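S.K.: This structure is in structure tokens; I'll ask about it shortly.
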Amino acid sequence: MGRYINKGNNAFRDIVNSEYVDKTSLIPLINATLNTESRYSCVTRCRRFGKSMAAKMLCAYYDKSCNSRELFRGLVAEKDDSFEKYLNKYYVIIIDMRPDKAQGISRKIS
């Protein structure tokens, strides 16, 4: 069984330490919706356009089980006024809906 709550920032750390294209401008957009009627977000993109990377970035940013300040140093999100307010302040739950990650569980539906 995998770990689904507060997975930390290792997945994003691996991305940042390779050839990373800064997409952290998404963070201030999400921060602006917190505690509003629009607080539920769905990050959608075409196939192979970085949904998993965006999810790992958001998890590293919000996850309260780790300190991600260094990972975001010099990136766009760090310059936003809301950056410090929400950095590593929340419990994060990961739900992976991909069939190849379903841990071999299948059910016949008739």
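S.K.: Looking at region 1-11 only, could you name the residues that are in a loop (DSSP other than H, G, I, E, B) and either polar (S, T, N, Q) or more than 14 Å from the chain's Cα centre (by Cα) (or both)? First the steps, then the outcome.
M.R.: Keep residues of region 1-11 that are in a loop (DSSP other than H, G, I, E, B), which gives 1-4, 6-9.
Of everything in region 1-11, those that are in a loop (DSSP other than H, G, I, E, B) and either polar (S, T, N, Q) or more than 14 Å from the chain's Cα centre (by Cα) (or both) turn out to be MET1, GLY2, ARG3, ASN6, ASN9.
S.K.: Across region 12-29, what is the total count of residues that are aromatic (Phe, Trp, Tyr) and within 12 Å of the chain's Cα centre (by Cα)? Steps first, answer last, please.
M.R.: Within region 12-29, the first condition is being aromatic (Phe, Trp, Tyr), and the residues that meet it are 12, 20.
Those still in the list that are within 12 Å of the chain's Cα centre (by Cα) too: 12.
Number satisfying all stated conditions: 1.
S.K.: Across region 5-38, what is the total count of residues that are without any contact (Cβ under 8 Å) to a residue 24 or more places away in the chain and open to solvent by 40 Å² or more (accessible area, probe 1.4 Å)? Before you say what the answer is, go through the steps one by one.
M.R.: The first filter runs over region 5-38 and keeps only residues without any contact (Cβ under 8 Å) to a residue 24 or more places away in the chain, leaving 10, 14, 17-21, 29, 33, 35-38.
Of the ones still in play, those that are also open to solvent by 40 Å² or more (accessible area, probe 1.4 Å) are 10, 14, 17-21, 29, 35-38.
Residues flagged as without any contact (Cβ under 8 Å) to a residue 24 or more places away in the chain and open to solvent by 40 Å² or more (accessible area, probe 1.4 Å) within region 5-38 amount to 12.
S.K.: Can you tell me which condition SER41 does not meet? The list is (1) free of Cβ contacts under 8 Å to residues at least 24 places away in the same chain; (2) at positive phi, and all the others hold.
M.R.: (2)
S.K.: Which ones in region 42-93 are open to solvent by 100 Å² or more (accessible area, probe 1.4 Å), in a helix (DSSP H, G or I) and polar (S, T, N, Q)?
M.R.: Matches in region 42-93: none.
S.K.: Just for region 72-110: of the residues that are of a type in the set (Val, Ile, Thr) and at pLDDT below 70, which one is nearest to ALA54 (Cα to Cα)?
M.R.: At the first step, the residues of region 72-110 found to be of a type in the set (Val, Ile, Thr) are 76, 92-95, 105, 109.
Among the residues that remain, those that are also at pLDDT below 70 are: 105, 109.
On the way: ILE105: 26, ILE109: 33 Å.
Checking each candidate, the answer is ILE105.
The values are calculated or read from the model by the stated rules, or taken from the named source; none is laboratory data. Keep in mind that this is a model prediction, so the values were computed, not measured. We place every Cβ from the backbone using ideal geometry, glycine too, and count neighbours over all the protein chains shown. Just the protein is used for accessible areas: all its heavy atoms, side chains included, with ligands, DNA and RNA removed. Shrake-Rupley method; radii C 1.70, N 1.55, O 1.52, S 1.80 Å.
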